[in-house]
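**Q** This is the structure I want to talk about, given as structure tokens.
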Amino acid sequence: MMRMALVLCCLLLAATLARAAFYQLPPQPPQNRYGDLLLDRVSSAAGQKPVFFSHFTHRLRDTCRVCHFELGFAMKQGETEITEEANREGMYCGACHDGLMAFGHNKGHCDRCHTGDAQIDMETFGQIRQQLPPSPWGNGIDWSRTLDAGLIAPRYSLYHPEEQPMGYDKRLELSANWSMVPPAVFDHKSHGRWLDCNNCHPDVFNIRKKTTAHFEMRYILEGKFCGYCHGKVALPLDDCNTCHPGIKMR
Ligand code: HEC
Ligand code: HEC
Ligand code: HEC
Ligand code: HEC
Ligand code: HEC
Ligand code: HEC
């Protein structure tokens, strides 16, 4: 009994310390700006204002896979060589912003992308958010429950509408290297609805459980492994419990 109490006590202390002292989580942006980007690899240098891109509005209609697999956008700001010429030829933004599916790359529309400021106005944001299941994190939306409930139906493929997720649904329990920390769960099913296998394998993770080197929380917090998406666009790293069910935080 004493021993149990001691272990419990250590667990609580360790988890609390972990959060307060080791893990310097960046402050959360306002909900309407979580996942917003201001692209300026070439714009300012060419005399145009930087380009605004909202993950929040775009993921309502398209899965990550459409942009980050089919259209070849990198999952790191500034890495993709997006140019106005490529856009006009129907690549990158121009795959949709062609004047048919979405406003095009013609005069009169330049300022809708080259805004110089990343923001979806609070009214538009509030109206959409209100209709979706809430979450304390990120955009304030529980995106998994949103899909479960069929409230949105983002495209899985832009070019092959009949294509479906592969149906590899294995759920993994990734035990931590620290004995008092409950394992992290990783569910292929909830990720496969948004992503392609290729978004994670083989560059981010090995295709074999517990074989990825340096797969630790401190690297995740630096934006590696799960932190590649979580903390930037997918639910933020403050949400310890969703990944480590049962972790005690206070
Ligand atoms: C409509 C297209 C589109 C969709 C859909 C989309 N993204 Fe992106 N994403 C982009 C673009 C464009 C960039 C910037 C790429 C660049 O600058 O090279 C980006 C960048 C990112 C980054 C890097 C952010 C940073 O701060 O460096 C991450 C992470 C990311 N996306 C994850 C996701 C995830 C996860 C989803 C699905 C929930 C998603 N994206 C859906 C277009 C999209
Ligand atoms: C759908 C969004 C979108 C629209 C509309 C748009 N652009 Fe762009 N534009 C981009 C993106 C994205 C980039 C690359 C951003 C960066 O600097 O990282 C870019 C880059 C540029 C550049 C940088 C130099 C180069 O050759 O790429 C110029 C100049 C430019 N756009 C001019 C225009 C003009 C003029 C219009 C209107 C006729 C326009 N853009 C409309 C998204 C857009
Ligand atoms: C997979 C399709 C798709 C791609 C790729 C895409 N967009 Fe869009 N985007 C849309 C649609 C659809 C709308 C809403 C329709 C409209 O307003 O005409 C939209 C709306 C927007 C808006 C208006 C504000 C908002 O967020 O609703 C901006 C700004 C924008 N896109 C910028 C971009 C930029 C910059 C890129 C490339 C970096 C890009 N989009 C790539 C489909 C796409
Ligand atoms: C969001 C990231 C992500 C995506 C997308 C993803 N996986 Fe994985 N996968 C992982 C992680 C994390 C592991 C465990 C790696 C480790 O522990 O070193 C893994 C492990 C695996 C394993 C080994 C399982 C075991 O028990 O050893 C297989 C097989 C696998 N993935 C197949 C796939 C296939 C097929 C797809 C596409 C349908 C896919 N994965 C998509 C992250 C992903
Ligand atoms: C390539 C991007 C990417 C990577 C890498 C990634 N995730 Fe995710 N994850 C997502 C997206 C997108 C969602 C959907 C919910 C959201 O956007 O908040 C999600 C959701 C989740 C959820 C909630 C799922 C549910 O069923 O409610 C958990 C838990 C999770 N991820 C754990 C992990 C873990 C653990 C890792 C690392 C082993 C990881 N993820 C790596 C993109 C990613
Ligand atoms: C996106 C999912 C995700 C979130 C959110 C997350 N973790 Fe982790 N965490 C992991 C994964 C994956 C591991 C590595 C598991 C392994 O060793 O295989 C891990 C490992 C750990 C470890 C073990 C030591 C180490 O460095 O590997 C601790 C302690 C930990 N996490 C604490 C936390 C705390 C505290 C939070 C909240 C502030 C948190 N985690 C949020 C996925 C997550």
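The values are calculated or read from the model by the stated rules, or taken from the named source; none is laboratory data. Owing to the predicted nature of the structure, the values given are computational and were not obtained by experimental measurement. As a convention, Cβ positions derive from the backbone with ideal geometry for all residues, glycine included, and neighbour counts pool all protein chains shown. Just the protein is used for accessible areas: all its heavy atoms, side chains included, with ligands, DNA and RNA removed. Shrake-Rupley method; radii C 1.70, N 1.55, O 1.52, S 1.80 Å.
**Q** Could you list, in sequence order, the residues of segment 171-181 that are at pLDDT 90 or above and either open to solvent by less than 40 Å² (accessible area, probe 1.4 Å) or farther than 20 Å from Trp143 by Cα (or both)?
**A** The answer is Leu172, Glu173, Leu174.
**Q** Could you grab me the full set of residues in segment 167-215 that are touching a His at 6+ places or on another chain (Cβ under 9 Å) and of a type in the set (A, V, I, L, M)?
**A** Matches in segment 167-215: Leu172, Ala176, Val181, Ala184, Val185, Leu195, Ile207.
**Q** Take the conditions at pLDDT 90 or above and either touching a helix residue (DSSP H, G or I) at 6+ places or on another chain (Cβ under 9 Å) or in a loop (DSSP other than H, G, I, E, B) (or both) and apply them to Val204. Does it pass?
**A** yes
**Q** Condition test on Lys248, is it modelled with pLDDT under 95 and surrounded by 13 or more Cβ atoms within 10 Å (Cβ to Cβ)?
**A** In short, yes.
**Q** Look through segment 202-236, keep the residues that are β-branched (Val, Ile, Thr) and surrounded by 13 or more Cβ atoms within 10 Å (Cβ to Cβ), and return whichever of them is nearest to Thr63 (Cα to Cα).
**A** This residue is Val233.
**Q** Just the residues that are touching a residue at least 12 places away in the same chain (Cβ under 8 Å) and farther than 24 Å from Arg129 by Cβ, please, taken from segment 47-62.
**A** Gln48, Lys49, Pro50
**Q** Moving on to the next point. For segment 104-156, which fully contained helices (runs of 4 or more DSSP H) count at least 1 residues that are crowded, with 17+ Cβ neighbours inside 10 Å, among the acidic types (Asp, Glu) and at pLDDT 95 or above?
**A** Here the list is empty.
**Q** Here is a follow-up. Pairs only if they're at least six apart or on different chains, beta carbon under 6 angstrom, first in segment 186-214 and touching a residue at least 12 places away in the same chain (Cβ under 8 Å) and more than 16 Å from ligand 6 (Cβ to nearest atom), second among the charged types (D, E, K, R) and open to solvent by less than 50 Å² (accessible area, probe 1.4 Å); list them, first residue then second.
**A** Taking only residues 6 or more apart or on different chains, the pairs are Asp196/Arg65.
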